[in-house]
2 protein chains.
Amino acid sequence: MPKVAIVGYGQTKFSKEDLKIESILLKATKNLFDSTSNLTQKDIDAVLVSTNNNSKYLSAILSEMIGIQPKISHSIESLCNSGTNSIVSAYSYIKSGLAEVVLISGAERYDSPGQILEWDNLRGEYKHPVFWASIFSKSYKKKYDVTDEDLAFVPVKNHKHSKNNPYAFSQKNISIEDVLNSKKLTDDLRLLDCSRPCTGGSSVLLASEKYCKQFTDCPIWITGIGQKTTFASFTKNQTFHNMESTKQAAKSAFNMAKRCQNDIDVMEIHDAFSVCEPMALDSIGFSNQGEGIKMIKESYSSESSKINPRGGLIGSGHPLGATGISQTIEITQQLQSKANKRQVDKANIGLIHNMAAAATSSTVLVLEN
Amino acid sequence: MPKVAIVGYGQTKFSKEDLKIESILLKATKNLFDSTSNLTQKDIDAVLVSTNNNSKYLSAILSEMIGIQPKISHSIESLCNSGTNSIVSAYSYIKSGLAEVVLISGAERYDSPGQILEWDNLRGEYKHPVFWASIFSKSYKKKYDVTDEDLAFVPVKNHKHSKNNPYAFSQKNISIEDVLNSKKLTDDLRLLDCSRPCTGGSSVLLASEKYCKQFTDCPIWITGIGQKTTFASFTKNQTFHNMESTKQAAKSAFNMAKRCQNDIDVMEIHDAFSVCEPMALDSIGFSNQGEGIKMIKESYSSESSKINPRGGLIGSGHPLGATGISQTIEITQQLQSKANKRQVDKANIGLIHNMAAAATSSTVLVLEN
């Protein structure tokens, strides 16, 4: 079966702009076309749209606007990991022989309907992600003797990183005190612990081994894929201090890639809230249980920015359907040595962690140059 | 690469019931589990939901309700051919080796938001499918000297067929006069020319060659797949008397299956409106241009019901996200000789035609026993 590579990408700046979903998709895709040599509309066999937006038929609309007449064309939704679900689907279309070149475009508006957990809400559970994040924080702090100050290190680091990302929503430094003094949303969560919903889009181009050299000298191969959905309701999680779906997805991805944690040079971790970054590091197996914060601090003090160099979701903003795609673009740029000020030394193997709905579902990807 | 087969199915009755989307998905999937021997939750690697409903995270919700913890899990939307898009995606997950067994569940409520063509509407075109159907009817009648009476034969035949389909919305015969005397929606379209939106669900199980014998003695193989999206806006169609996307999708499907029109023993044709059935037959190449009605009449008078034996969309009802899946179930049952009163003689090779938004997008599948 053909190997599958990422061969092009395009993004919009993440913002609070009041743009139509079609315009966001178009802008990100136009940016991809502008930056991908030798790409024409006729090269593209499939167009997938990743979004939580309620508009229908968006892949056909994007295709018409950009002048593509694809074979395969549809939208994909899985809340916050719609983006990596779309990438995995595109991978399977190419691997199966149904397509050679696939365009994926993810987009969201700041007021995305995917921010309300209707299912939990309907059943008398928790309507807004803030509530599960708060329970995760309380549980993680208590279990592992972690403090609010420790967790505040995550947004401080990620805002600092996002200043090197021209597409990021945040462009300013914040301090530990800023986080601790920001609006208290619950006993265990402050405003600056949260990633912010925003308007943004990101597009990637995937191609089979046969076609990838047409578009880039430096294809980035998808070598590991792991996905797991444990539940839909977050209270079904057996514990609130680790992420079972992430653990299983990471295991599958490492197995498929024949790689292990020590092989990873750079990583995108789904820091929807401060606590998610150390919890995910623990669950993927980068750190021992409860030692994620220690790893984040050590990695930072040694001047390496290998954890969320683009600023994560907290620094970059979180346009749901675009997030997993922007994470993938970051790792692609890192492995191509094209990450400018964000560039991590000797980045040859990277990992993406993208999750949904209190980590009831996770995707982990391994990419290699 | 492994062959892929349909190995199980379940449906709900199509109705005007006011059911939650989650309940419809659950009912259809429970019916699939009840009728598929040896199937357990642990067998399922991926759960795909096909719908235009605005609820998010439905594949995770369905998985939790039924007790599945899948690897791959997301929703797919492409208006009226969401169902066959989901089947093609499932095929690619299996073919690529990412999954061995995939559950697909399609569901819609009678008030689906997919019935309004927002894209055309926003641009001052036509809000409701009735308008494109009317233009198609006028154009087809004028071009090929076809009469309202000729077209009325389609709903008469399909309502008759649907009486043999226990899941169909319509259970009564109608006459040519009933069609012609039904409410006039436009100069070229009457109420009984239209398929009806309804509440309904349908689920199918796909498996790799290695696993299919666990679930059925009679797997039905997917041998041909063709898909094409030409535009999003129906006025971009160059003609209104044939379906370019259908023509191209059919050509691809026949090529892949190494079959031709004459090989097909039974077919599901997307008769969203009366005129769609002959137009699709022409575009697939079953009939010469303009002779679809002649083929429908000849096929009917010879007591064969090989065109839309379950009653098509007009007789069965049209719950958007479920339609392509129900069409696939019908052909599966026909090729398994399990279609009861609807059974077509010597049915070994079948075809499914499913389209969206004035045939700006089409899927054609070839199945074989």
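The values are calculated or read from the model by the stated rules, or taken from the named source; none is laboratory data. This is a predicted model, so every value here is computed, not measured. Positions of Cβ are backbone-derived with ideal geometry, glycine not excepted, and every protein chain shown enters the neighbour counts.
Residue A:85 meets each of the listed conditions (1) outside any helix (DSSP H, G or I); (2) over 18 Å from residue B:123 (Cβ atoms) apart from (1). Number of residues in the range A:107-127 that are closer than 20 Å to residue A:196 by Cα, more than 17 Å from the chain's Cα centre (by Cα) and in contact (Cβ under 8 Å) with a residue 24 or more places away in the chain: the value is 4. Residues of the range A:1-24 that are charged (D, E, K, R) and touching a Gly at 6+ places or on another chain (Cβ under 8 Å): A:13 alone. Taken over the range A:232-246, the criterion of being under 20 Å from the mean Cα position of the chain (by Cα) and crowded, with 21+ Cβ neighbours inside 10 Å is satisfied by A:232, A:234, A:242, A:243, A:245, A:246.
Restricting attention to the range B:196-242, the residues that are within 14 Å of chain A (Cβ to nearest Cβ) and of a type in the set (A, V, I, L, M, F, W, C) total 6.
For the range B:267-320, the set of residues classified as part of a loop (DSSP other than H, G, I, E, B) and among the charged types (D, E, K, R) consists of B:271, B:291, B:303, B:306, B:310, listed by residue number. All conditions in (1) surrounded by fewer than 16 Cβ atoms within 10 Å (Cβ to Cβ); (2) polar (S, T, N, Q); (3) under 22 Å from the mean Cα position of the chain (by Cα) hold for residue A:186, with the sole exception of (3). Counting only residues that are surrounded by fewer than 21 Cβ atoms within 10 Å (Cβ to Cβ) and within 14 Å of chain A (Cβ to nearest Cβ), the range B:127-145 holds 2 of them.
The set of residues from the range B:16-30 being surrounded by fewer than 19 Cβ atoms within 10 Å (Cβ to Cβ) and not in a loop (DSSP other than H, G, I, E, B) comprises B:23, B:30.
Yes or no, residue by residue, for (1) of a type in the set (S, T, N, Q); (2) surrounded by 24 or more Cβ atoms within 10 Å (Cβ to Cβ); (3) modelled with pLDDT of 95 or more; (4) closer than 19 Å to residue B:137 by Cβ:
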| residue | (1), (2), (3), (4) |
| --- | --- |
| B:283 | yes, yes, yes, yes |
| B:295 | no, no, yes, yes |
| B:307 | no, yes, yes, yes |
| B:323 | yes, yes, yes, no |
| B:334 | yes, yes, yes, no |
| B:347 | no, no, yes, no |
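For the range B:258-311, the tally of residues that are touching a Phe, Trp or Tyr at 6+ places or on another chain (Cβ under 7 Å) and over 22 Å from residue B:240 (Cα atoms) stands at 3. Given the structure, is residue B:287 over 18 Å from the mean Cα position of the chain (by Cα), among the hydroxyl-bearing types (Ser, Thr, Tyr) and at pLDDT 95 or above? Yes; evaluated as a whole, the condition is true for this residue. Number of residues in the range B:51-100 that are without any contact (Cβ under 8 Å) to a residue 40 or more places away in the chain and within 14 Å of residue A:72 (Cα to Cα): the value is 2. Evaluating residue B:252 against the criteria (1) crowded, with 24+ Cβ neighbours inside 10 Å; (2) polar (S, T, N, Q); (3) closer than 30 Å to residue B:119 by Cβ leaves one unmet condition, (1). Scanning the range B:118-145 for residues that are of a type in the set (Ser, Thr, Tyr) and outside any helix (DSSP H, G or I) yields a single hit, B:126.
Any idea which residue in the range B:243-263 is farthest from the other protein chains (Cβ to nearest Cβ), counting only those that are over 15 Å from residue B:140 (Cα atoms) and of a type in the set (A, V, I, L, M, F, W, C)? It comes out as B:260. Filtering the range B:158-195 to residues that are more than 16 Å from residue B:269 (Cβ to Cβ) and part of a helix (DSSP H, G or I) leaves B:176, B:177, B:178, B:179, B:180, B:181, B:191, B:192.
The single condition from (1) farther than 25 Å from residue B:351 by Cβ; (2) touching a helix residue (DSSP H, G or I) at 6+ places or on another chain (Cβ under 8 Å) that residue B:63 fails is (2).
When residue B:37 is tested against (1) assigned to a strand (DSSP E or B); (2) more than 17 Å from residue B:326 (Cβ to Cβ), exactly one condition is not met: (1). Of the residues making up the range A:218-243, those that are more than 26 Å from residue A:337 (Cα to Cα) and touching a strand residue (DSSP E or B) at 6+ places or on another chain (Cβ under 8 Å) are A:227, A:228, A:229, A:230, A:243.
Residues being part of a helix (DSSP H, G or I), without any contact (Cβ under 8 Å) to a residue 60 or more places away in the chain, surrounded by 19 or more Cβ atoms within 10 Å (Cβ to Cβ) and away from chain B (no Cβ under 12 Å) are represented in the range A:146-157 by at least one member. Report whether or not residue A:88 is at pLDDT 95 or above, more than 13 Å from chain B (Cβ to nearest Cβ) and closer than 25 Å to residue A:221 by Cα. Considered against the rule, which asks whether it is at pLDDT 95 or above, more than 13 Å from chain B (Cβ to nearest Cβ) and closer than 25 Å to residue A:221 by Cα, residue A:88 comes out as no.
The set of residues from the range B:163-183 being surrounded by fewer than 17 Cβ atoms within 10 Å (Cβ to Cβ) and touching a residue at least 40 places away in the same chain (Cβ under 8 Å) comprises B:163, B:166. Within the range A:45-67, the set of residues being more than 7 Å from chain B (Cβ to nearest Cβ) and out of contact with any strand residue (DSSP E or B) (no Cβ under 8 Å at 6 or more places or on another chain) comprises A:65, A:66, A:67. Looking across the range B:38-59 at every residue that is of a type in the set (A, V, I, L, M, F, W, C) and over 15 Å from residue B:87 (Cβ atoms), the one that is surrounded by the most Cβ atoms within 10 Å (Cβ to Cβ) is identified as B:58. Looking at the range B:65-75, can you tell me whether even one residue there is assigned to a loop (DSSP other than H, G, I, E, B) and at positive phi? Among the residues of the range B:65-75, at least one is assigned to a loop (DSSP other than H, G, I, E, B) and at positive phi, which makes the answer yes. When the range B:92-106 is limited to residues that are at the interface with chain A (Cβ under 7 Å from one of its Cβ atoms) and within 24 Å of the chain's Cα centre (by Cα), the one that is nearest to residue B:26 (Cα to Cα) turns out to be B:93.
For the range B:68-81, filtering for residues that are more than 7 Å from chain A (Cβ to nearest Cβ) and under 24 Å from residue B:229 (Cα atoms) leaves 2.
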